[in-house]
Structure formats: structure tokens, C-alpha cells
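Data first, discussion second: the structure below is written as C-alpha cells.
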Amino acid sequence: MAFDRTIKIAPSILSADFANFGQEIQAIEAQGADWVHVDVMDGHFVPNLTFGPPAVAAFRKHVKTVMDVHLMIAPVDPYIEAFANAGADVITAHVEAGAHIHRTLQAIRATGAKAGVALNPGTPAEAVEHLLDLTDLICVMTVNPGFGGQKFIDMTGKVRRLREMIGDRPVHIEIDGGVDPTTAPLLAEAGADVLVAGSAVFKGGSVDTPEVYGANIRAIRAAAEGG
Ligand code: DX5
Ligand code: ZN
């Protein structure tokens, strides 16, 4: 996984057909997805439940790009190894999920995975100020985590501030929640390079009409690159 700041579109399979993950992953990758975003929820840190490590390991068999695993769980540390063994390339933990995010990021890197840190909308950029050399990705939530299809919350100012703080460090800025062709340009202009999108990628398409996914991905990318 070489570092660069080009725009990367990361469809969230939270909006895929849950009975058909293998084909859905193949379809979005064939249609231009750069990364595959996997939302892990525990019904405790967030009010919804999704996938555990065995499901993520099954997804891995179909992912040829980058498997980006977003952990919305607390505690995080007891599960890091299991998600690394499931084949995650990037493991992102929330700064709000425990008292020792510094230790969590060290533990993620120790597995060989890239370490991401996510910030809820109410958490300031400064929460990661002392973590910049321990992290490979900062995920700025633009919805309160838990569900796909929620209304975008503007965090452009936070993204700008993070971009300044990061300087020359090889740290991605990822945006998660409500990303579509209207919101993407603001975020890209502010310094984001990884755009997670669930509903805006999967809407209107299916594994039988994958070209719709392709058109949706291209629309987000074009909007972001023009912004
Ligand atoms: C929200 C998840 C997101 C979500 C994005 O808790 O972390 O990844 O699937 O979905 P959209 O793009 O529909 O807002
Ligand atoms: Zn996510």
C-alpha cells in the first residue's frame, strides 16, 4: 500500500446486498472502487450490529484492492488481532472508544496493518494532535456513526485543520458519512483523499446492473477531483 494523496473512493458494503457480499465486492472493484470499506458495529459503541472477524475474513477472499476496516466497537484492543488475522489492510479505531487510543494504535501497527483513528462529529481535531506519528489515516465522521444513509454534517473546517496539522506526514484523511457528488468537492478541497460512500455508490444498482455502481463512483470521483 504505497502512500499518495490522490482521491480514493471507498464504497461501504453496509449498503450492499447482505445475502451477496462476494459478488457485490467483485462488482464495485470491477467498477472502479479503490478501497473496500467494512463497517464493524457492536450494538454498544454504536446502536447497530454488523460483522465479526469470521465475516470479515470471508470478505477478504473477494477483495483485491484494500480492505479498510472501520471498528465502531468498544473495547477495541481485545479484537485487533482477530481483525488483522481476518486480513484487514487498514484497521481504524475511534478516539472515543476507550481511554487508551495511543496504545490501541500501537497495537494495530504491531500486527502489520495500517492504523487509523476516527473522530465523531463532536470530537475536535486536537484530539489526534499527539497521535499523528502513530497513525496512517484519520477518519473524519460526517455523520454520527451507526447507520448508512444519514444526513451529511459539514466538517470542512475540521478537515482543513487536520490537513495543516498533518503537514508532510504520510497520513490519509478519510471522510465517512453522507459523501455524494455534492458534498465530495468541499471535502477534497479541504484536504481529504479517501472518500467512503455507501448509499451514494450502491443506490440504483445491483450485481445485475453493476454499471450503475460504476457511474455512481465516477460521479463522486469527478466531483471531488474538480473541487
Ligand atoms: C456509518 C458508517 C459509514 C456508512 C456510510 O456509521 O461508518 O461507513 O456506511 O454510509 P453513507 O455513505 O450512506 O452515509
Ligand atoms: Zn465507516
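The values are calculated or read from the model by the stated rules, or taken from the named source; none is laboratory data. As the structure is a prediction and not an experimental result, all values here were calculated from the model. Cβ: placed from backbone, ideal geometry, glycine included. Neighbour counts: every protein chain shown.
Taking every residue in segment 105-126 that is within 16 Å of A74 (Cα to Cα) and touching a residue at least 24 places away in the same chain (Cβ under 8 Å) and pairing it with any residue that is among the acidic types (D, E) and assigned to a loop (DSSP other than H, G, I, E, B), at least 6 positions away or on another chain, the pairs with Cβ-Cβ distances below 8 Å are G116/D136.
When only residues in segment 133-145 that are within 13 Å of the chain's Cα centre (by Cα) and more than 10 Å from ligand 2 (Cβ to nearest atom) count, which is surrounded by the fewest Cβ atoms within 10 Å (Cβ to Cβ)? Out of the qualifying residues, it is L137.
Can you confirm whether D17 is touching a residue at least 60 places away in the same chain (Cβ under 8 Å) and in contact with a strand residue (DSSP E or B) (Cβ under 6 Å, 6 or more places away or on another chain)? For D17, the condition - touching a residue at least 60 places away in the same chain (Cβ under 8 Å) and in contact with a strand residue (DSSP E or B) (Cβ under 6 Å, 6 or more places away or on another chain) - is not met. Residues in segment 6-27 that are exposed (fewer than 15 other Cβ atoms within 10 Å of the Cβ) and either under 24 Å from K114 (Cα atoms) or of a type in the set (F, W, Y) (or both): T6, F18, G22.
Scanning segment 157-206 for residues that are near ligand 1 (Cβ under 9 Å from one of its atoms), among the charged types (D, E, K, R) and outside any loop (DSSP other than H, G, I, E, B) gives a single hit, D176. Taking segment 126-144 as the range and being β-branched (V, I, T), farther than 17 Å from R5 by Cα and not in a helix (DSSP H, G or I) as the test, the residues that pass are T142, V143. Inside segment 207-227, residues that are modelled with pLDDT under 95 and part of a helix (DSSP H, G or I) make up a count of 1. Condition first: among the polar types (S, T, N, Q) and within 16 Å of ligand 2 (Cβ to nearest atom). Now tell me which residues in segment 177-216 satisfy that. If the condition is that a residue be among the polar types (S, T, N, Q) and within 16 Å of ligand 2 (Cβ to nearest atom), then T183, S199 are the ones that fit. For segment 64-73, the condition holds for at least one residue, the condition being that it is more than 11 Å from ligand 1 (Cβ to nearest atom) and over 29 Å from A215 (Cβ atoms).
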